[in-house]
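One structure below.
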Amino acid sequence: MASSEIEVVSSDSKTQENPPEVPVFDVFSASAYGDFQKLRKFVEQDGASLSKPDVHGYYALHWAALNNFPDIAHYIIQHGGDVKATENVQQTALHWAAAKGAIAAADVLLQNGARVEAADVHGYRAVHVAAQYGQTSFLNHIVARYHADFDAPDNEGRSPLHWAAYKGFADTVRLLLFRDACQGRQDKEGCTPLHWAALSGNVEACTVLVYAGTKQELTVKDNAGFTPVQIASDKGHQRVALFLANQQRAHSNCWRDKFCSGKMADIGYAPVLLCIIVFQTVLFMNSVLAAPNLTKVTAAVGIWGWTAISLAVGSLIMFYRCSSKDPGYIKRAGDLSNPINTEDPLLNVDLNNSAVWMGNWSQLCPTCKIIRPVRSKHCPSCNRCVEQFDHHCPWISNCVGKRNKRDFFILICLGTLTSLISTAVAVQRIWGALPGLRTEESWIRRVVVQYPSIVAFLLVDVIILIAVTTLTTAQATQIARNITTNELANAIRYGYLRGPDGRFRNPYNHGCRKNCSDFLIQGHTDDEMAWPPLQQVAS
Ligand SMILES: [Zn+2]
Ligand SMILES: [Zn+2]
């Protein structure tokens, strides 16, 4: 694959930071550093031309566009600058604006006759350059306002999605998928965007592509006969290779497809857990409490025994509630009663959502076609976005989210208590039945031989006790901190979990007491983010 690697756009000059002290000695440097006064002087007093390039072939308008000086760009256009002028590789000023996401300058260019679809020698349009540099806002702007073709191929047949995937700009990938960019497009080498994401080894870009895509993209081969998983493996990107291989396996599970169709295929381990709870309860009643070969149950043990059974019944009720309850699915565009204007889905879905204007692109869901609130996440198992997503629990075959988290917490608390009490009762029953055998060497074997069902019950019960106690402790700690399992695991991905110094900071943590009382009283905790008013951030 080495020969097919996409060449990085040669634009060292574009990405250089401005030096602190810059000598402004001609129209080019004045345009590049935004010195309007000197630019005017050069043009109006010294008679310098704005329609000619410098010694490198770059125009003053290119520099003004790159560094986003709309006033200067406008002045240059009024004084002879050509918006269609191109430099050595046929890039226009709009290409340069795209490299740095200079939206205001691009507006000036496009309103003065620049062509949004102008292509350079490689066939790159402004959309390609924006994707190569991860300028998601810019890309969205020229697509929404100037109808730029976000699926256009360059000379090698690569679309902006190929480029964003290769460069690992997951937010740009999200935006393009949200706008229905073609995921299955193969370039001249037969590579899809997923091939390129696998080649560069970007886990997040691969994840977004796979969850929004189909089985087809996972198995399609390039001209050399390689699938994305083989490419990731060849390049030594083990995490990506493992993820893609797992996804491929999940998609090609023929047995499951054949025997379990529709909802049955997504049912998870819930029936197994249900059977375990019922089986353990029956075993406890028959073999522990009412066993014929044990002594009669004392009043105290009887009370504890029936408490455990009542708690088990309570667990079953909570289990049903957790599994069947809506965990907080977010309405999709198709679920709304008023059909939205599909001409520009992004701007019409939620124009007033300040998060979008703040460039919070990670909140776009390419599958549900929504801008989801902060703290929510798309669950690939449920194929829906879930508010305050905690985790998808296969044991209840449902997500744990804003609306069923309290039920889930009660379920695991009940589970802990039930298994703890029933274990204690079972141990007490055996202990009481073998008063003379405790010191003998073979008493364990005799217990196993005489009371196999109690031993079986105890084994399963202890495993449940350890698992459920660990889970309850973890959940209780998270509730006290008002953070979800997903946020803890993926904190690095979420900008809202970082303070100004770049370190972890949880804006939802209002102290242990308030976090716990909010959770127990309301059933969920605060997830409001104090977004600045729209006008303020959009300006
Ligand atoms: Zn979603
Ligand atoms: Zn789920």
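The values are calculated or read from the model by the stated rules, or taken from the named source; none is laboratory data. These figures come from a predicted structure and were not determined experimentally. Note: ideal-geometry Cβ built from the backbone for every residue, glycine included; neighbour counts use all protein chains shown. Surface areas here come from the heavy atoms of the whole protein model, side chains and all, with no ligands, DNA or RNA. Shrake-Rupley method; radii C 1.70, N 1.55, O 1.52, S 1.80 Å.
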Specify the inter-centroid distance of segment 382-398 and segment 451-515, based on alpha-carbon positions, in whole Å. 15 Å
Cα to Cα, under 18 Å, and not fewer than 8 places away if on the same chain: which lysines meet these conditions relative to K215? K258
With +1 assigned to the C-beta of every Lys and Arg and -1 to the C-beta of every Asp and Glu, and no other charges, what is the dipole magnitude of segment 190-250 about the Cα centre in debye, to the nearest 20? 140 debye
Run the reach check for K52 against lysines, Cα to Cα strictly under 16 Å, same-chain hits fewer than 8 apart removed. What comes back? K84
Treating the beta-carbon of each Lys and Arg as +1 and of each Asp and Glu as -1, no other charges, what is the dipole magnitude of segment 23-116 about its Cα centre, to the nearest 20 debye? 120 debye
Using a 1.4 Å probe and counting only protein heavy atoms, arrange T485, T525 so the residue with the most accessible area comes first. T485, T525
Ordering of 470-479, 377-386 by burial proxy (mean other Cβ atoms within 10 Å per residue, highest first): 377-386, 470-479
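Beta carbons within 10 angstrom, averaged per residue: use that to sort the peptides 28-37, 193-202, highest first. Please list the in-between numbers first.
Values: 28-37: 19.7, 193-202: 26.7.
Ranked from most to least packed, the peptides come out as 193-202, 28-37.
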Amide H neighbours of I370 under 5 Å, at least 5 residues apart or on other chains, H built in the peptide plane: list them. C365
Amide H of Y329 versus every other amide H placed in the peptide plane: which residues, excluding those fewer than 5 positions away on the same chain, fall under 5 Å? E387
Efficiency by 1/(1 + (r/R0)^6): what FRET value for V203 and N88, r their Cβ-Cβ distance, R0 = 60 Å, to the nearest 0.05? 0.95
Ignoring ligands and nucleic acids, D234 exposes an accessible area, probe 1.4 Å, in Å² to the nearest 10, of 110 Å²
Which order, highest average first, do 320-327, 513-520 follow once you tally other Cβ atoms within 10 Å for each residue and take the mean per peptide? 320-327, 513-520
Check which residues have an amide H placed less than 5 Å from C393's amide H, if you skip close sequence neighbours. N398, C399, V400
Portion, in percent, of the accessible area of segment 26-121 that falls on carbon or sulfur, probe 1.4 Å: 46 percent
Can you put T219, T136 in order of accessible area, largest first, using a 1.4 Å probe? T219, T136
For a 25 Å ceiling on Cα separation, which of these pairs sit above it: K167/K188; K235/K377; K100/K377; K235/K369? K235/K377; K100/K377; K235/K369
How high is the FRET efficiency between R249 and R493 when r is their beta carbon distance and R₀ equals 35 Å, given to the nearest 0.05? 0.90
